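Here is the structure we will look at.
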Amino acid sequence: MAILEVNHIEKHFGGTSVLKDVSFSMEEGSTLAIIGSSGSGKTTLLRCLNFLEKPNSGTISVKGEMLFDAANAKAEKEEELRKKRLHFGMVFQSFNLFPQYTALENVMLAERLLAQERSDFKQRKKEIFAEIEEHGKALLDRMGLSERMDHYPHQLSGGQQQRVAIARALALQPDILCFDEPTSALDPELTGEVLKVIRNLAEQKTTMIIVTHEMAFARDVADSLIFMDGGVIVEQGDPHEVIENPKEERTKQFLSRYAQG
């Protein structure tokens, strides 16, 4: 069974149609790369998956559970949306770290807030927070930041900040980890360290969706690739096949412009 099934998603902003009948699925442990020009709908698609935007039509299911059905959609409280968002970890273009917190505190924050809703929180607060701290340290160590845990965002490079953001997204153990152009805010020399972390996650069979402009990375790391243009999926398939032998004219034109640019 597919871990994620997206069927006939559409999203409109006023009279502008941003997503048009978008459907795809992915298996657990796989990596899906999404490429396309600015304005093609890539980021809006991620925002719909993470319930930051509400689709006008279509369905979204995770592990066989229907999370969204536009045909039966109703107004949901923020608490209900938050529970659905737990299925998806998001890493944005900008790092969005809290400047007043250390790297470790940024990673622990969401887990600490959720822990307060546990029935045993008052009785086991000290023990629970200790467990969360160990988990946060393990995640930062996994990101190669064991010596930067007590540093504040302004004391970290852009690549280090994005790695903290990845650790934070992993902290709640989401079913699917989503990246929206994770290297676009980085200098070229810092891009490699973030891509290395994502490559390691792929090798560890972390289920991921990556919106990226790093074509070589998408080709070599992803299990499948989607090219979007004008709010539709123009072509999808094996990354090597799509990038090296595109079938659709729009895909060829995009890759040609990318190669020239």
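The values are calculated or read from the model by the stated rules, or taken from the named source; none is laboratory data. As the structure is a computational prediction, the values presented were derived from the model and not from experiment. Cβ sites come from the backbone with ideal geometry, for glycine too, and all protein chains shown count toward neighbours. Surface accessibility is based on the protein's heavy atoms, side chains included, excluding ligands, DNA and RNA. Shrake-Rupley method; radii C 1.70, N 1.55, O 1.52, S 1.80 Å.
Brief remarks follow.
- With Cα atoms as the point set, the radius of gyration and Dmax of segment 1-76 evaluate to 12.4, 38 Å.
- Size of segment 75-119 as Cα extents on the principal axes (Å, biggest first): 33, 30, 16
- When segment 149-188 is reduced to its Cα atoms, the Kirkwood hydrodynamic radius in Å: 11.3
- Backbone geometry of segment 241-252 corresponds, through the Karplus equation with coefficients 6.51, -1.76 and 1.60 at θ = phi - 60°, to 3J(HN,Hα) couplings of 5, 5, 6, 8, 9, x, 8, 8, 4, 5, 5, 4 Hz, x marking Gly and Pro.
- Part-to-part distance (alpha-carbon centres) for segment 15-47 and segment 76-150, which is given in Å: 27
- Inverse mean reciprocal Cα-Cα distance (Kirkwood Rh) of segment 127-231, Å: 14.8
- Point-charge dipole on Cβ atoms (K/R +1, D/E -1) for segment 104-178, about Cα centre, debye to 20: 100
- Basic side chains Lys and Arg get +1 at the Cβ, acidic Asp and Glu get -1 at the Cβ, and with that the dipole of the chain about its Cα centre reaches some 620 debye.
- Within the full protein context, the accessible area of Glu78 is estimated at about 110 Å² for a probe radius of 1.4 Å.
- Between the residues Gln161, Ala110, Phe121, the greatest Cα displacement towards the positive end of the dipole of the chain, with unit charges on the Cβ of Lys, Arg, Asp and Glu, is found for Phe121.
- Across the accessible surface of the chain, with the other protein chains kept in place and a 1.4 Å probe, carbon and sulfur atoms take up 46 percent.
- Sum of side-chain charges, Lys252 neighbourhood, beta-carbon under 14 Å (Lys, Arg +1; Asp, Glu -1): -3
- For the chain, built as a Gaussian network whose Cα springs stay under 10 Å, the top-fluctuating residue of Leu104, Leu177, Leu114: Leu114
- Distant alpha-carbon pairs in segment 104-154 (separation over 16 angstrom), percent: 41
- Percent of C-alpha pairs per 5 Å bin, the chain, short to long: 1, 6, 12, 16, 18, 16, 13, 9, 5, 2, 1, 0, 0
- Translational diffusion coefficient (Stokes-Einstein; Kirkwood radius from C-alpha pairs) of segment 41-177 at 20 °C, 1.002 mPa s, in µm²/s: 131
- With K and R counted +1 and D and E -1, the other residues having a Cβ less than 10 Å from that of Thr212 yield a net charge of -2.
- Accessible solvent surface per residue of segment 88-242, calculated while the other protein chains remain in place, 1.4 angstrom probe, Å²: 46
- Each helix, a run of at least 4 DSSP H residues, gives -39500 (n - 2.57); summed and divided by the residues of the chain, these come to -12500 deg cm²/dmol at 222 nm.
- Summing charges over all other residues whose Cβ lies under 14 Å from the Cβ of Thr191, with Lys and Arg as +1 and Asp and Glu as -1, gives -2.
- Only protein heavy atoms count here; under a 1.4 Å probe, Glu193 has an accessible surface of about 50 Å².
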